[in-house]
Each structure stands twice: as structure tokens, then as C-alpha cells.
Amino acid sequence: MRRLAATAILLITGCNRHQSALAPFGAEADDTLSLTIVLASGAAVIALGVVLLVWNASRAREHALSESGGLRLVLWAGAIFPTVVLTVLLLFALPAMRPLPESDADLRIQVEGEQFWWRVRYAPPGAAPLMAANEVRVPVGRTVVFELTATDVIHSFWIPGLAGKMDMIPGRTNQLVVRATKPGTFRGVCTEFCGLSHALMAFDVIAMEPAAFDAWLAEARRTERASSGRGAQAFDRRGCGACHAIAGTPHHAVIGPDLTHYSERLTLGAGILEPTVANTAAFIRDPSAFKPGARMPAYAAMPQAEAEAIARYLKGAP
Ligand code: CUA
């Protein structure tokens with residue numbers, strides 16, 4: 001029944017399965033969908049009942065209902081019935097509001113909202129942290145604690161298929177506990193207006209089998225990096241390292257997104273473009289053309305070949 005209802009809703013909404021609260025891949029979003037289906041079905045039954053009452057009333061003779069009969073109807077349909085229904089719904093919904101239990105042994109992922117991208121820091125218990133940006137990977141079946149804050153203005157962190165929304169507020173850390181239930185590639189978005197490119201502030205979410213996640217984390221920590229090629233030299237010379245970090249090189253700046261794992265990313269510019277060499281070069285030369293209000297300056301005078309060399313370097317070339 002639940003699957004049928006979810007399928008029907010998906011058909012209506014165009015089958016978006018990678019960014020949809022109607023196609024959950026997490027425990028909390030699962031509860032939210034069940035609640036939605038119960039509420040929508042209940043509302044449909046009540047609406048049908050009201051239509052029947054109106055239909056009945058429109059066909060009844062005048063004075064068919066005595067005064068005491070009318071009062072009884074108002075008492076039952078207007079007071080007792082709604083009180084019972086709302087109480088039952090409240091009892092049904094309360095457990096879904098309780099946050100998932102978490103402990104110090106759980107993986108923490110700190111995410112900071114920036115205009116208009118996401119700073120990500122994995123903090124696995126008992127191991128060194130790992131910096132990333134604009135992409136979040138979570139192990140399936142394990143509890144993950146997101147610690148959310150913001151640098152500049154209020155943003156809001158929402159992975160519709162995984163859990164509810166949580167505000168990111170400068171000077172404050174909000175916690176969101178999640179557990180992914182199936183692997184796949186999904187999408188999260190900023191859901192609080194935060195400036196010109198608010199609607200262009202998204203990120204990729206990759207839910208991985210636990211063993212694959214552990215292997216990825218171990219691999220991502222290896223930081224040897226050849227940095228003698230043309231792209232690496234251009235990256236140096238143009239001062240890209242004043243804002244961006246690439247682990248394993250002398251560049252450790254934290255103003256812009258960490259670019260260490262750029263070659264693995266599924267998107268460019270926080271979920272807005274395919275990260276091809278051509279798109280990356282175009283973004284380097286004029287970020288505001290793709291992301292109005294972006295803080296990164298334009299490098300309009302940079303020759304195309306040089307921008308492409310940097311792009312190839314970021315994509316993993318030496
Ligand atoms: Cu960040 Cu809207």
C-alpha cells in the first residue's frame with residue numbers, strides 16, 4: 001500500500017528520485033514519507049465525508065434535521081471527531097520527531113555554509129579529519145552526525161531523501177543525526193535564501209556501502225601529489241593557492257573550497273555544472289557568469305590554454 005502510494009506520487013511529480021522526499025534513502029525521510037501518506041489519506045477521507053454531508057444536505061427536505069439532531073451533529077462532527085483524530089495523529093507523529101540516538105563513536109561530518117558553497121570536514125572517531133567541499137559521502141546503515149554551521153549568512157542544509165531540513169547559523173552549531181538505508185547518488189540543496197546564487201547552491205550526496213566508504217576514506221587521505229606540470233605551475237603563478245587548498249602541495253588556504261578531491265567530484269560550482277575540463281576552465285575565467293555573486297574573482301585575462309591547464313591539473317593530471 002505504502003509502495004503503491006509512493007509510486008503514484010512519484011508518477012505525479014515526474015519520477016525525480018535523486019532529490020526527493022518522496023524517494024527516501026534514510027531512516028528519518030522514511031518516517032516523514034509514512035507520515036505524509038497517512039496524513040494525505042486521512043485528509044482525503046475527511047474531505048470525502050464533508051462532500052457527502054454537503055451532498056446529503058443539499059437534497060434533504062427543509063426541517064429534515066431537528067434542532068437537537070443538528071446540535072448533536074455539530075458536537076460529534078465539529079468537536080469530538082476532530083479531537084479524537086488530532087490526538088491519534090499527534091501520538092502517531094511524536095515518535096517521528098525524536099532524533100535518532102547517537103554516540104561519540106559515530107562519524108561526524110562538519111558542514112559549513114558559505115556564499116555559495118559547502119565546506120565539508122569528515123571527523124571519524126579516533127582518526128585524523130579529512131577536508132572536502134560540495135560533496136558529502138555517508139556510509140549506509142551507520143549513524144552519521146552532521147554538525148552544521150555557517151560563515152557568513154544563514155543557510156539551510158537539506159538532503160530531501162535522507163532527513164529533514166536544518167538551519168546553518170553563523171556562531172552556532174546545529175546537529176542533525178541521520179542514517180542512510182540504501183546506497184546511491186543523491187542531491188542536497190540550500191533551502192534558506194542566502195543571496196544572489198541561493199538557488200545555485202547544491203551538493204552531491206553519495207551513500208556508500210560501509211566497506212566501500214572506509215576504503216574511500218583511507219584512499220582519500222593519501223595526499224602524494226605530483227605538482228610540477230604546466231597546470232600545477234599555473235595554479236602557483238596565478239595565486240590560486242591564496243584561497244584554495246590541495247593536500248600534498250604547499251597550498252593550504254581555507255578561503256575557497258578545498259580542491260584536493262576535485263577530480264572525483266560529480267559536479268562543479270556546488271552542484272550546478274558538469275565538471276569537464278571545458279566547464280572548469282570557463283568557471284575559472286568568469287565564475288560570476290555561472291554563479292552571480294560568487295566571491296571568487298574573474299580571471300578574464302587568463303589565456304584559455306592556461307585555464308585549461310589548471311582545469312586538467314585539478315582533474316588529476318600532474
Ligand atoms: Cu545558501 Cu541559500
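Results, tabulated for the structure shown:
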quantity	calculated
Phi-based couplings in Hz for the range 26-40 (Karplus 6.51, -1.76, 1.60; Gly and Pro marked x)	x, 4, 6, 5, 4, 4, 4, 5, 4, 4, 4, 5, 4, 5, 5
As computed over the range 16-219, the Cα convex hull volume per residue (Å³)	160
Longest segment of the chain lacking GluC sites (Glu not before Pro) that sit in a DSSP loop with at most 12 other Cβ atoms within 10 Å	63-223
Label-to-label distance, nm, for residues given as Ala199 and Arg238 (7 Å Cα→Cβ offset)	2.9
Packing-based order for 79-86, 252-259, 167-174, using average beta carbon neighbours within 10 Å, highest first	252-259, 167-174, 79-86
Antiparallel content of DSSP bridges confined to the chain, in %, to 5	70
DSSP-defined beta bridges in the range 17-151 - what % are antiparallel, rounded to 5	60
Euclidean distance of C-alpha centroids, the range 280-303 and the range 194-270, integer Å	17
Pairwise FRET efficiency - Ile46 versus Ser66, Cβ, R0 = 22 Å, nearest 0.05	0.30
Total charge dipole magnitude, the chain, about the Cα centre, Cβ charges on Lys, Arg, Asp, Glu only, Debye to nearest 20	400
Rounded FRET efficiency, nearest 0.05, which uses the C-beta distance separating Glu274 from Ser228 and R0 of 30 Å	0.60
Heavy-atom accessible area per residue - the chain, 1.4 Å, Å²	53
Under the Karplus curve 6.51 cos²θ - 1.76 cosθ + 1.60, θ = phi - 60°, whole-Hz ³J(HN,Hα) for the range 199-209, x wherever Gly or Pro sits	6, 10, 10, 10, 7, 8, 10, 10, 8, 10, 4
Quotient of C-alpha Rg and 2.2 N^0.38 Å, computed over the range 230-314	0.98
Computed FRET value (nearest 0.05) for Glu219 with Leu35, which takes r as the C-beta separation and R₀ as 45 Å	0.70
In sequence order, calculated HN-Hα J values of the range 43-50 (Karplus, 6.51, -1.76, 1.60; Hz; x Gly/Pro)	4, 5, 5, 5, 4, 5, x, 5
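The values are calculated or read from the model by the stated rules, or taken from the named source; none is laboratory data. In this text, all values refer to a predicted model and were calculated from it rather than measured experimentally. As a convention, Cβ positions derive from the backbone with ideal geometry for all residues, glycine included, and neighbour counts pool all protein chains shown. Accessible surface is based on the protein model in full, side chains and every heavy atom, while ligands, DNA and RNA are left aside. Shrake-Rupley method; radii C 1.70, N 1.55, O 1.52, S 1.80 Å.
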